[in-house]
1. Which value in deg cm²/dmol, rounded to the nearest 500, describes the helix-derived mean residue ellipticity at 222 nm for the chain, given -39,500 (n - 2.57) per DSSP H run of n ≥ 4 and division by the residue count?
2. Given +1 on the Cβ of Lys and Arg, -1 on the Cβ of Asp and Glu, and no further charges, what dipole in debye does the chain carry about its Cα centre, rounded to the nearest 20?
3. If I stretch the segment between ASP223 and ASP184 completely, what's the gain in nm (0.36 nm per residue apart, minus their alpha carbon distance), one decimal?
4. Could you calculate the contour length gain from ARG344 to ASP58, that is, 0.36 nm times the residue separation minus the distance between their Cα atoms, to one decimal place in nm?
5. Going Cα to Cα from LYS146, which aspartates and glutamates come in below 17 Å? Please leave out same-chain ones fewer than 8 positions away.
6. Are any of the pairs LYS153/LYS235; LYS67/LYS219; LYS123/LYS207; LYS67/LYS242; LYS77/LYS242 more than 31 Å apart by Cα-Cα distance, and if so, which?
7. Highest mean first, what order results for 124-132, 200-208, 277-285, 176-184 on Cβ atoms within 10 Å?
8. Can you give the Kirkwood hydrodynamic radius of the range 26-337 from its Cα pairs, in Å with one decimal?
Amino acid sequence: MKNTVFVLGLIAFMLGGCSDKVKEVQSSGEPFGMNVACADFGSIFPGTYNKDYTYPTDSDLVYWQKKGFRLIRMPFKWERLQYELGGELNQYDLNKMKDFIVAAQKRNIKVLLDLHNYCRRFKDGGHRIIGTHGITNEHYAGFWKKIAQEFMKYDNIYGYGLMNEPHDLPDSLSWFCMAQLAIDSIRTVDSENTIVVGGNSWSSAKKWLDASDTLKHLKDPADNLKFEAHCYFDKDGSGTYKYSYEDEEGTPEKGVELVSSFVAWLKENQLKGFVGEYGIPDNDPRWEVTLDNFLAYLSENGVNGTYWASGPWWGKGAAMVVPTYKGGQEYPQVRVLEKYLTTRK
């Protein structure tokens, strides 16, 4: 019986995806969008531009603009924007970022600047946690002040993403304290733009109440914070989808189940939320149903997000990734994503 219900639901979903009536385009809600990753690539820091990493350009926006997306999350690395702790910003990389912001601005697309550092910085030959190896909270907060000074004048900055996926910090160090100092530092120069605060423990939506509940006590003099969770639907939540739908314990409602406690937390504390990463593989249409239900739930609850991921340098091994094209053929995930351009609220 369950299989029959699922098949009927899948047929309805697939037929619905072919109809323009299914597209949910609401002008008043918050925008859904896409991660455009490539500036965060490479294991060598700062690395060589166009060899170890690159920056997205206007050409990476064309397809998504045509699909109706108006939000891009752009990962970047601290070490590439500021070679020396406390030093001046690297103008070469800074200009590459600004070029992308301007290109997005011309296409009426907003950009979330995502510091993709996992609460770490490359130093002394390894990725060192902020608060160790001479990397202080003040270095981190000061960096964000410099970034805010450079980008506050652009009217298409969706927000400053303080840190992608903080994780595995020792008990002696606090992501809450790092985030609060960064908020305070940004607000000395920019009192308007949204500050987006990622959750602890890889920003896991599932673990939000245990790992990130204290973030509700952060103070922003501008009262303009958003809280960012991540949510993948495979068994370990990594987004690698190594096994079959059955082995990954996939269900149509799994995404909703994983993110519901985060959404409830937002409502209970009257806070604004965002899901910065979610994604599915392209090898089983049942995952598309899971994604569709997930996005419908977020939309109904006024929580937007950005899909992981697109960008010019992705290889074939990244199963959950959506580059612009797959050998000239559109990825099946896009059919789901383009139904949700903004939230209903």
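1. Rounded to the nearest 500, the figure is -9500 deg cm²/dmol.
2. Numbers: 40 positive and 45 negative charges, 149 e Å.
That gives the chain a dipole magnitude of about 720 debye.
3. The span from ASP223 to ASP184 would gain 12.9 nm if fully extended.
4. Details: separation 286, 0.36 × 286 = 102.96 nm, distance 2.86 nm.
Result: 100.1 nm gained on full extension.
5. GLU79, GLU84, GLU88, ASP93, ASP114, GLU138, ASP184, ASP190, GLU192
6. As for pairs spanning more than 31 Å Cα to Cα, those are LYS153/LYS235; LYS67/LYS219.
7. Most protected by this proxy first, the peptides run 200-208, 277-285, 176-184, 124-132.
8. Over the range 26-337, the inverse of the mean reciprocal pair distance is 19.7 Å.
Since every read-out is calculated from the coordinates, none of them should be taken as a lab result. Since the structure is predicted, the reported quantities are computational estimates derived from the model, not experimental observations. Counting neighbours? That spans all protein chains shown, and the Cβs are built from the backbone with ideal geometry, glycine included.
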